[in-house]
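These notes concern the structure reproduced below.
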Amino acid sequence: MKIITWNINGIRSFKYGIKKTLDSFNADIICVQETKVTRDLLDERTAVVDGYNSYFSFSRGRSGYSGVATFCKDSATPFAAEEGLTGLLVNNGEAVGCYGDQTAFSTEELHSLDGEGRAVITQHKLMGAEDPETLTVINVYCPRADPEKPERKLFKLQFYRLLQSRAEAIVGSGSHVIILGDINTSHRPIDHCDPDDVDNFEKNPGRKWLNSFLYGSLENGTDDEEDEEDEEKADSETFQKFVPGGKFVDTFRHFHPTRVGAFTCWSTLTGARQTNYGTRIDYIFASRSLVEKSLQNADIMPEVEGSDHCPVWAQLSCTLVPSPRCPSLCTRYMPEFVGRQQKLSSFLVKVSEQKAAFRDNTENLPGSQEAGEVRENVSPEAAGLQGNAGRKRPSNGPPETSTSKGKKSKSVKTAAKPQGSLLSFFKPKPTPEVPSSHSMRPSPNPAANCIDSSSEIHKTEDDTEYSKLTEQLTNKDNEEKSRNSKTITGGPSSQESIQSNGTSDHETTNSKKGSDFWKSVFHGPPQPPLCKVHKEPCILRTVKKAGPTLGRQFFVCARPQGHTSNPEARCNFFAWVDKSR
């Protein structure tokens, strides 16, 4: 049996299609996180994949956010499937059960924890020596603690507590358990590219939770120093609520306890994957009994691209027994994909209290993992310019009433007035610049000449100015032709005469003035300086974080981010852009 987890950063962004991607892994169970799709945006090509049965969890409060999905081969069809960790989203009798102690959570907290589409549970049967055994797979996308939103830090810790309570309750029922997905915390310094750059690395409450959750951790306990700040004391109190168990094993570190540089997530904005400057936050945790009995190997797949994360896989020496029927949570049973016409009453159901609770938390939902870094600049609004063709001609008659306007709008198509020429939309302004001679030459295309000649038939009295201008341009064109012919026949002396009368210098001066004017209006981006270490052109960045420098631009080294000891990585060059330029 092979199982895989991968944060795909958007399920609709598969380059070669979802089926080809799933087949390329040759795995029995494939769990993906951050699908960024809600049920109304889920298409049949993604939901119903030939050879697989899939189970989705969607965000209730925000579109294009969070979401997890589990794809099982038909030979690994689960016997039960459930969305969420709390049991509040179960609406059928095929639930996995074993919810653990939830007395520490309020009803609102439970609704909120399951409202972002962060967990899908599937339960399978394994072929045992005597009787079939049970394997429960918990696919999770744990929240990210946004530094700018302290409430999300507490939300993340609550999610950890709920996950541990549910997983340990399932283990207590006699089932093997695998927890896999994006845990969003690097456990040890070896799992981080630069742990020295992180303040109080070991005291992070997420790492303390992992120490209590995993078997064979370096430490277990709380930090009770009296000189801690209030915030850290609050973290310690929260950690004391965790029940130390150590019932699960980090499968990767079980086989590779000292491998360095084994990261699963990199920043795409800084190109950190090129220098392997990342973190290991994607895991496959397995219950100790399963590791001792069936686990054969586990590893990461950094060579697989397509996301800011890479997949993680594990191999077990056990055989899955498929269920003859998919659980009701399977996407192939959704009314929009099953082919049955839905009843009108299904569109007129009342909004439940559960959905209302999810809506209350919509405004506080954060962005995705890299949302704080990849927000795009807000484009300035384009100025609305109206040409002469859009101006309404003055009317000599009495003002029109609303009735007459309505009648006129209906009879526009049948009016006897001849259709205007296309050239009327390109009339020059009152003080036009005289174009070059070759721009007024007749077109070699006969069809084009026909259009020009036919346009004279439809001229009206309002085109008098246009006719005069055309005559002036024609005379100017003849003068330029005559002057050009003299230049060709006159030889060098004619060229000198042109320079003596100042015509060429005058045109050059006007051209330079025009160029300088447009450069002053559209000056473009500033010229990048060279970084002091690599002597290479820098790249322009813009501050996205709220504060006094929001919107300001600066230059940094163009190389990918990396450790300071790596000479191929980005140097520490930094320079603000001078606003006066």
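Here is a list: ARG60, ARG144, ARG39, ARG118. Which entry is surrounded by fewer than 20 Cβ atoms within 10 Å (Cβ to Cβ) and not small (Gly, Ala, Ser)? None of the others qualify; the one that does is ARG39.
Every condition in (1) at pLDDT 95 or above; (2) on the phi > 0 side of the Ramachandran plot is met by ASN139 except one, and the failing one is (2). With respect to being touching a residue at least 24 places away in the same chain (Cβ under 8 Å) and surrounded by fewer than 20 Cβ atoms within 10 Å (Cβ to Cβ), LYS15 fits the description.
Of all residues in the range 256-263, one or more are open to solvent by less than 10 Å² (accessible area, probe 1.4 Å), farther than 26 Å from GLY51 by Cα and more than 20 Å from the chain's Cα centre (by Cα). Condition (residue is modelled with pLDDT under 95 and small (Gly, Ala, Ser)) applied to the range 269-277: is it met by at least one residue? The answer is yes; a qualifying residue exists. The residue of the range 121-141 that is most open to solvent (accessible area, probe 1.4 Å), among those that are touching a strand residue (DSSP E or B) at 6+ places or on another chain (Cβ under 6 Å) and among the polar types (S, T, N, Q), is GLN123. For the range 170-194, filtered to residues that are open to solvent by 30 Å² or more (accessible area, probe 1.4 Å) and either among the small types (Gly, Ala, Ser) or in contact with a helix residue (DSSP H, G or I) (Cβ under 6 Å, 6 or more places away or on another chain) (or both), the residue that is nearest to PHE263 (Cα to Cα) is PRO189. Being among the acidic types (Asp, Glu) and closer than 27 Å to ASN26 by Cα is the filter; apply it to the range 63-97 and report the residue that is surrounded by the fewest Cβ atoms within 10 Å (Cβ to Cβ). Only one residue fits best here, namely ASP74.
Annotation: ILE284 fulfils all but one of (1) assigned to a loop (DSSP other than H, G, I, E, B); (2) farther than 13 Å from CYS193 by Cα; the unmet one is (1). Within this structure, LYS203 passes the test of being touching a helix residue (DSSP H, G or I) at 6+ places or on another chain (Cβ under 7 Å), open to solvent by 40 Å² or more (accessible area, probe 1.4 Å), under 30 Å from SER565 (Cβ atoms) and not in a strand (DSSP E or B).
The values are calculated or read from the model by the stated rules, or taken from the named source; none is laboratory data. All values reported here derive from a predicted model rather than from experimental measurement. Note that we place each Cβ from the backbone using ideal geometry, even for glycine, and neighbour counts take in every protein chain shown. Protein only, heavy atoms only, side chains kept; ligands, DNA and RNA dropped before computing areas. Shrake-Rupley method; radii C 1.70, N 1.55, O 1.52, S 1.80 Å.
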